[in-house]
Structures are given as C-alpha cells and as structure tokens.
Amino acid sequence: MRILNYFLVLLACCLGKALTAQEAACIVKAYPRGKTIAVEYDLNADADFVRLSVSLDGGLTYRGPLQQVEGDVSDVKAGFGRLIVWDVLKEWGTDTFEYENVRFKLSVKLKERWRRETFVTLNAAFAPYPQCSFGFTVGQLRRFGWFASLMSNGNFSGFQSDGTCDAQGFLPDGHLMTYTGEVSKMRLSVMAGGLMRVTGPLVARVGIGYGNRTVRWHTMDGGWYRNTSYSRQGIDLSAGVQLHWRGLVVTAEAVTTQFQYVETKIGLGYAF
C-alpha cells in the first residue's frame, strides 16, 4: 500500500520550513511512517496547541486543521524534534494517498508568558506642604494592564468657600482679613491608568484623573477662604513603578495636580 513518495514529502518539508522559519514553529522534515505521515518540527516557545494543515496544490490552498493526528499537538513545550503523526488514510477514508505538490503548515497558539494578576493595594500620599491622604488601588495585569485609584484625606469641605485669598491672606481686592489660625485641608484624587510589564517583577505605570487640593483659612468673622497659593484642582497625572514579588505588590509614584502641586504616593498590597 503506497502512501506518499518519500522524495515528494522531503520537498514538501523543505518548502514548509521556508514558509514557517520566521514563526514560532519550524517544520524540519516529513516522512512516511507505516500507514501514516510523520511531521517533525521545532518549537521556539511553549504552546497551548499546535495545529497541522496540508496543501495538495503547492501551498495555494490548505485543508485543516487536520483531525486524525496525535503526538505533540497540545500543551507542547519549546524544543527540537517535536512530532505530529497524521493518519491520512483514516482522515480521508481512503486506502491510497498519491499527490505531487504536498505542503504542510503549522498553526500555533503560544502560551501566555505572564499569568493574569488581579491586585489591590492600600496607599498613602505625602507632600512637602503638610498634607496626607490615604486610599486604595485596584487593577489587573498580564503583559499590559490597568488600574483605578481613589485617594482622600476624608475632608470634602473644600468644595465650598466664602472667597479666596493669597499666601499673605489678602483678598483679590487687597483687603487683609483677620484669621483665627485654623486651617482646613482637603485632598481628593480619582485616577485611572495603564500598566506595562518591563521585566518579570517590574511594572511601569502612568495615570490620569481628577485632583483637588484645597487649603482654606478661617477668619474671625466665621468665613472660610480658599488660599489660592496652596490650592490646586484639575487634572491629576501620575508616573511610577510597581513591583510584583510572590504575590506582594509595592508601588511608588509621583502625582502632580495641574503640574504645580506634587506629592509622593506609595502603596502596599497583594496580587492573586
């Protein structure tokens, strides 16, 4: 019973190698093995699965993926000399197989290098002007990822004020108010951003969102005046890094509001 001329298969394997040399899998050779055809290939990276297709017209069209195969077709480790055995007679329900323009092609789904991680961190932020805020970050990461962060000092009174003053306490009209010395500070930051894994444990992160830092001074007549020299609100931008190590996540970044107010933000959490 004749399956396929060995030299025709050898020609096919050489062409197959040229077609796939730049891909993850490279066909090395193909040859008859009893009533089957064996296709040997090299794999450059671990794969979830490898699929084999065949062309009978010199590579113009392909049939596949072929079903009657066994060998290194699923959960395949990278390496040389991987083998797929195709039961061609069973596949096509025939007892002969004679073609002169046979080509083989492999389709590969590589394994993800990084597993998906969901992480949560508790954060603290500090600025040169005495001001602290606390919050949390949630996100997901594989090769790339995302995060969302909320920070506050628990004081939301800064959305309202009776007027504004400068660093010396003067109002816009030049009038100097009398102050009690009591100060109200508000810090709010709502941010989302992107992540990119630089190396295994090291991840770069950038974010954008809304930020509000309001400092108000209390006057003797009971008013609260927003100090424009120490207050900023608008766009929050951040840039930093985070480290993933055995489930532990450590973050460090700089956050600026309107490119004028800058704080240091650190986080500690867990990935699962």
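If the requirement is being without any contact (Cβ under 8 Å) to a residue 40 or more places away in the chain, of a type outside the set (Val, Ile, Thr) and at positive phi, which of these qualifies: 181, 169? Let's see the steps before the verdict.
On the way: 169 fails: without any contact (Cβ under 8 Å) to a residue 40 or more places away in the chain.
It is 181.
Could you pull out every one of the strands (runs of 3 or more DSSP E) wholly within the range 29-118 that has 3 or more residues that are open to solvent by 60 Å² or more (accessible area, probe 1.4 Å)? Walk me through it before giving the result.
Working: elements: 36-43, 47-55, 69-71, 74-76, 79-86, 103-110.
Here the list reads 103-110.
Identify, by number, the condition in (1) within 28 Å of residue 137 (Cβ to Cβ); (2) surrounded by 19 or more Cβ atoms within 10 Å (Cβ to Cβ); (3) in contact (Cβ under 8 Å) with a residue 40 or more places away in the chain; (4) not polar (S, T, N, Q) that residue 240 doesn't meet.
Unmet condition: (3).
Criterion first (surrounded by 19 or more Cβ atoms within 10 Å (Cβ to Cβ), closer than 15 Å to residue 169 by Cα and of a type outside the set (Phe, Trp, Tyr)) does residue 216 satisfy it? Step through it out loud before you land on a result.
Values: surrounded by 19 or more Cβ atoms within 10 Å (Cβ to Cβ): yes; closer than 15 Å to residue 169 by Cα: yes; of a type outside the set (Phe, Trp, Tyr): yes.
When the stated conditions are applied, residue 216 passes them.
Among the numbered criteria (1) over 30 Å from residue 199 (Cα atoms); (2) modelled with pLDDT under 90, which one does residue 70 miss?
Exception for residue 70: condition (2).
Run residue 230 past the list (1) open to solvent by less than 10 Å² (accessible area, probe 1.4 Å); (2) not in a strand (DSSP E or B) and report the number of the one that doesn't hold.
Of the numbered conditions (1) open to solvent by less than 10 Å² (accessible area, probe 1.4 Å); (2) not in a strand (DSSP E or B), the odd one out for residue 230 is (1).
If we scan the range 192-203, do we find a residue that is in a strand (DSSP E or B), at pLDDT 95 or above, open to solvent by less than 60 Å² (accessible area, probe 1.4 Å) and among the β-branched types (Val, Ile, Thr)?
yes
If I filter the range 122-138 for residues that are in contact (Cβ under 8 Å) with a residue 40 or more places away in the chain, over 21 Å from residue 266 (Cβ atoms) and open to solvent by 60 Å² or more (accessible area, probe 1.4 Å), do I get at least one hit?
no
Hey, any hits in the range 215-227 for a residue that's part of a strand (DSSP E or B), under 15 Å from residue 256 (Cα atoms) and of a type in the set (Ser, Thr, Tyr)? Quick ask: steps written out before the conclusion?
Step one: of the range 215-227, the residues part of a strand (DSSP E or B) are 215-219, 224-227.
Checking the rest, the ones that are also under 15 Å from residue 256 (Cα atoms) come to none.
Looking through the range 215-227, none of the residues is part of a strand (DSSP E or B), under 15 Å from residue 256 (Cα atoms) and of a type in the set (Ser, Thr, Tyr).
Can you confirm whether the range 175-189 contains a residue that is in a strand (DSSP E or B), open to solvent by 50 Å² or more (accessible area, probe 1.4 Å) and acidic (Asp, Glu)?
Applying the first criterion (in a strand (DSSP E or B)) to the range 175-189 yields 176, 179-189.
Next, from what is left, pick out any that are open to solvent by 50 Å² or more (accessible area, probe 1.4 Å): 176, 179-183, 185.
Narrowing further to those that are acidic (Asp, Glu): 182.
So far as the range 175-189 goes, yes, one or more of its residues are in a strand (DSSP E or B), open to solvent by 50 Å² or more (accessible area, probe 1.4 Å) and acidic (Asp, Glu).
Go through (1) open to solvent by less than 60 Å² (accessible area, probe 1.4 Å); (2) at pLDDT below 95; (3) in contact with a Ser or Thr (Cβ under 7 Å, 6 or more places away or on another chain) for residue 263 and report which single condition fails.
Failing condition for residue 263: (3).
What is the number of the single condition among (1) touching an Asp or Glu at 6+ places or on another chain (Cβ under 9 Å); (2) farther than 28 Å from residue 114 by Cβ; (3) at pLDDT below 90 that residue 18 does not meet?
Going through (1) touching an Asp or Glu at 6+ places or on another chain (Cβ under 9 Å); (2) farther than 28 Å from residue 114 by Cβ; (3) at pLDDT below 90 one by one, residue 18 breaks only (1).
Here is a list of conditions, (1) within 20 Å of residue 128 (Cβ to Cβ); (2) buried (at least 18 other Cβ atoms within 10 Å of the Cβ), and residue 252 meets all of them except one; can you say which number that is?
Just one mismatch for residue 252, condition (2).
Which ones in the range 103-139 are modelled with pLDDT of 95 or more, within 19 Å of the chain's Cα centre (by Cα) and hydrophobic (A, V, I, L, M, F, W, C)?
Correct list: 119, 120, 138.
The values are calculated or read from the model by the stated rules, or taken from the named source; none is laboratory data. Note that the structure is predicted; figures quoted are calculated from it, not measured. No Cβ is skipped: glycine too gets one built from the backbone with ideal geometry, and neighbour counts run over all protein chains shown. Please note that ligands, DNA and RNA were not included when accessible areas were found on the heavy atoms of the full protein model with its side chains. Shrake-Rupley method; radii C 1.70, N 1.55, O 1.52, S 1.80 Å.
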